[in-house]
Amino acid sequence: RETQTFEIIDDVAHMKSEIGLLFYNDFNRPVLEKLIHTNELTFTELFTAHPHIFIGKTHPLANKEVWQAEDFAEETWVTYPVPDDMLDLYRQVLKPKGINPPRRTTELTIALIQLVASRRGIATVPYWAALPYLEKGYVVARKITEEGLYSNLYAAIRKEDVNLAYIEDFHQTI
């Protein structure tokens, strides 16, 4: 459910889920803050994700350790179906350089990784999301710019549930 922010918030607010995981950035901040307040939820930072570029292991640039904006220009970029401004790579790296690579979308991480492994595109997801596929050797991960990319992941929790033991355990585990 990587692309279903509104549904995730609604599920938590109406007790279909105990916790919802959300990416929070300057683009979606005003909308998320309003939704969190309206639904009487609290927003807790969990951790910082470090998106990398994932490419097929036989890709011509597979050995390049750090990718720059120009390296993306001719590549098909596989993303989740979200607005461009929600994509850290686009907002922080590509847009400032005027680069907008060809795009393909999918809602499922496994489909995204399969497209990358078969060299039908490249993708940017948090490292942990692709770790099982990296360990199996399906794809390789490369850093994006010398500085790297960073995104904060937050949990939406009902205010009355914040101090429940299992919620606190989840937060400590993450």
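The values are calculated or read from the model by the stated rules, or taken from the named source; none is laboratory data. Fair warning: this is a prediction, and the values are worked out from it, not measured in the lab. No Cβ is skipped: glycine too gets one built from the backbone with ideal geometry, and neighbour counts run over all protein chains shown. SASA here: full protein model, heavy atoms, side chains in, ligands and nucleic acids out. Shrake-Rupley method; radii C 1.70, N 1.55, O 1.52, S 1.80 Å.
A few points about this structure:
- Scope the stretch 88-103; condition in contact with a strand residue (DSSP E or B) (Cβ under 8 Å, 6 or more places away or on another chain) and either open to solvent by less than 20 Å² (accessible area, probe 1.4 Å) or part of a helix (DSSP H, G or I) (or both); matching residues: ASP88, LEU89, VAL93, PRO101
- Flag not set for LEU112, criterion: closer than 27 Å to ARG91 by Cα, out of contact with any Lys or Arg (no Cβ under 8 Å at 6 or more places or on another chain), outside any helix (DSSP H, G or I) and open to solvent by less than 40 Å² (accessible area, probe 1.4 Å).
- Considering only residues in the stretch 144-174 that are assigned to a strand (DSSP E or B) and touching a Leu at 6+ places or on another chain (Cβ under 9 Å), the one that is most open to solvent (accessible area, probe 1.4 Å) turns out to be ASN152.
- Test: residue in the stretch 84-96 that is among the β-branched types (Val, Ile, Thr) and over 13 Å from TYR138 (Cα atoms): yes
- Check on ARG120, open to solvent by 80 Å² or more (accessible area, probe 1.4 Å), of a type outside the set (Val, Ile, Thr) and farther than 19 Å from THR48 by Cβ: yes
- Selected residue (only one of LEU108, LEU153 is more than 20 Å from ALA62 (Cα to Cα) and in contact with a Ser or Thr (Cβ under 8 Å, 6 or more places away or on another chain)): LEU153
- Just one residue in the set THR58, THR38 is free of Cβ contacts under 8 Å to residues at least 12 places away in the same chain, open to solvent by 20 Å² or more (accessible area, probe 1.4 Å) and out of contact with any Lys or Arg (no Cβ under 6 Å at 6 or more places or on another chain); that residue is THR38.
- Once the stretch 61-81 is narrowed to residues that are among the hydroxyl-bearing types (Ser, Thr, Tyr) and under 14 Å from the mean Cα position of the chain (by Cα), the residue that is most open to solvent (accessible area, probe 1.4 Å) is TYR80.
- Residue match in the stretch 79-90 (condition: among the acidic types (Asp, Glu) and either in contact with a Ser or Thr (Cβ under 9 Å, 6 or more places away or on another chain) or modelled with pLDDT of 90 or more (or both)): yes
- On inspection, VAL125 passes the criterion of being of a type outside the set (D, E, K, R) and closer than 28 Å to LYS16 by Cβ.
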